[in-house]
1. Would you check if VAL215 is in contact with a Gly (Cβ under 9 Å, 6 or more places away or on another chain) and either at pLDDT below 95 or in the same structural domain as GLY458 (by TED's automatic domain parsing) (or both)?
2. Looking at (1) in a helix (DSSP H, G or I); (2) at pLDDT 95 or above, which is the one condition that is false for LYS97?
3. Can you confirm whether ALA301 is closer than 25 Å to SER223 by Cα and among the hydrophobic types (A, V, I, L, M, F, W, C)?
4. With respect to PRO17, determine if the residue is modelled with pLDDT under 95 and surrounded by fewer than 16 Cβ atoms within 10 Å (Cβ to Cβ).
5. Restricting to the range 400-423, and then to whatever is within 16 Å of the ligand (Cβ to nearest atom) and of a type outside the set (Gly, Ala, Ser), can you tell me which residue is surrounded by the fewest Cβ atoms within 10 Å (Cβ to Cβ)?
6. Out of ALA123, ALA110, ALA54, which single residue is hydrophobic (A, V, I, L, M, F, W, C), more than 16 Å from ILE198 (Cβ to Cβ) and in contact with a Gly (Cβ under 9 Å, 6 or more places away or on another chain)?
7. Between a residue in the range 19-32 that is of a type in the set (S, T, N, Q) and any residue that is part of a strand (DSSP E or B), which pairs come within a Cβ distance under 7 Å, given they are 6 or more apart or on different chains?
8. So which of ARG452, ARG466 ends up being of a type in the set (Lys, Arg) and either in contact with a helix residue (DSSP H, G or I) (Cβ under 9 Å, 6 or more places away or on another chain) or surrounded by 22 or more Cβ atoms within 10 Å (Cβ to Cβ) (or both)?
Amino acid sequence: MINHDRHLIDGEWRATPAVAHTIVRDSATEEAVAKVSHGGPADIAAAVKAARSAFVPWSSTPVAERAAFIRAIADQLEQRTEEMTSSVTAEVGMPLKLSRRIQIQAPIAAWRTTADAAGDALADARLGNSIVTKAAVGVVAAITPWNYPLHQITGKLAAALAAGCCVVLKPSELAPSVAQALGEAIIASGLPKGVVNIVFGDGATGEALVAHPDVDMVSFTGSTAVGRRIASAAGQALKRVALELGGKSASIALRGADPAIVARHAVSSCLLNSGQTCSAITRLVVPQEEYDVYRGLLKTAVEKMRVGDPRDSDTRVGPLVSAEQKKRVEAFISEALEQKFDVISVGGDDAAPTKGFYVEPAIFGRVPIASRLAQEEVFGPVLTVQTYSTDEEAVEIANGTPYGLAGAVWGASAEQAQSVAQRMRAGQIDVNGAPYNAAAPFGGFGSSGIGREGGGYGIEEFIELRSIQIPAAAAS
Ligand code: NAD
């Protein structure tokens, strides 16, 4: 069992008496694989102090040098790819092959994308007799979830470091291993001490960090409920907040779209990481007269998605992160079964594993927009299908939840789909299966959050604009 019993403070791993512990279980075997010691207020105070001391020198370091450190961290992370892949698979349950590419290699690439974007994002601008400069916000509290742990840490840390901020990271207590590897990568990269500090712990540790008076900004990714709580605490102290929260994203199939492609995409997006993806497509919106066609295609597609051991190369759907998450998702499925929606698929595979936090995928059709299943984030392998008669109604259904994180639109042509995408109240929308772009801004409308991560836009979250008015003679 791995012990995460030291915090990275002022450039060194420090062991302090823990205020509490979390036991992390392998999601497929249920065996204890790690023990996380929770930091308390004294650890938070030491970490914030180290970050504050490092702030003036780090924010005064030229952007190109900061970008070079970001690339050095990426190089160090790359050397730890295999160790991080297997530990994320154990903690979160994503199949190994997908974990390597999506959980580890993609975020390492994002460290480099952020370094590349820094020069342009932070350049001064001239506006008449003003020079607009970009100052780092200050000391940032970064609080992250477990589902894509390195990805979510990267979205905050790489951008904050590029902007010249210093950081105290409080990673998820359920997926601590990449934060440990990152701490080691940071030390090996030679980053000046105190620029990044890592305090392990749970919600209480996070709350102490948010409340610390010397934190200037809180950048949080996690549930909408915790995001609200953090925003209230930060609001009282007038701290800047950036919130990446939950989602209930819809895929609209316009008339003329290819149902076979749309159905396959909906199933694979919804089941990625066993549905534990904030931007997952969890609602498919189809023309009413094509419902039966989609129903058949979805059933076939989901039956092909093998549920099983995430270390097995044939597995497409692994277990969920924890017993608690499994219970929560199963409660949604039981409630949906009681509602008498059209059950398109609900598991029942005799070969499905009996040990581990597995939930077999479920698809429910003709789900009314007002139902809990169509409104709330399940965070598990559950897809709902809704029908529409006009394009206006399709957009209304897609926009008809408090969330607005992501979405997809499929049409006979990209132009047709793009015009519908423009009407969707969501932060990132894929047209006709277009690929992910790490340099594009990612974030939510409404209850999905405030602010954006990714590329240059992500760096802008961590800056204050400063206008310097210069005399006419100097301006000419
Ligand atoms: P969570 O909100 O329970 O926890 C997230 C982090 O906040 C953890 O580190 C946790 O220890 C900490 N925390 C909990 N209570 C806190 C408090 N009161 N004060 C400060 N910190 C606190 O979320 P989770 O279960 O880890 O992650 C799943 C959720 O995250 C889902 O809702 C998902 O949609 C969302 N998410 C959003 C995005 C996005 O980019 N929009 C990405 C991934 C996950």
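The values are calculated or read from the model by the stated rules, or taken from the named source; none is laboratory data. Predicted, not measured: the structure shown is a model, and the values here were computed from it. Note that we place each Cβ from the backbone using ideal geometry, even for glycine, and neighbour counts take in every protein chain shown.
1. Working: in contact with a Gly (Cβ under 9 Å, 6 or more places away or on another chain): yes; either at pLDDT below 95 or in the same structural domain as GLY458 (by TED's automatic domain parsing) (or both): yes.
So VAL215 fits the description; yes.
2. Unmet for LYS97, out of (1) in a helix (DSSP H, G or I); (2) at pLDDT 95 or above: (2).
3. Working: closer than 25 Å to SER223 by Cα: no; among the hydrophobic types (A, V, I, L, M, F, W, C): yes.
No.
4. Values: modelled with pLDDT under 95: yes; surrounded by fewer than 16 Cβ atoms within 10 Å (Cβ to Cβ): yes.
Against the criterion (modelled with pLDDT under 95 and surrounded by fewer than 16 Cβ atoms within 10 Å (Cβ to Cβ)), PRO17 qualifies.
5. Once the filter is applied, the top-ranked residue is PRO402.
6. Details: ALA123 fails: in contact with a Gly (Cβ under 9 Å, 6 or more places away or on another chain); ALA54 fails: more than 16 Å from ILE198 (Cβ to Cβ).
On inspection, the qualifying residue turns out to be ALA110.
7. THR22/VAL36
8. Details: ARG466 fails: either in contact with a helix residue (DSSP H, G or I) (Cβ under 9 Å, 6 or more places away or on another chain) or surrounded by 22 or more Cβ atoms within 10 Å (Cβ to Cβ) (or both).
Only one candidate qualifies: ARG452.
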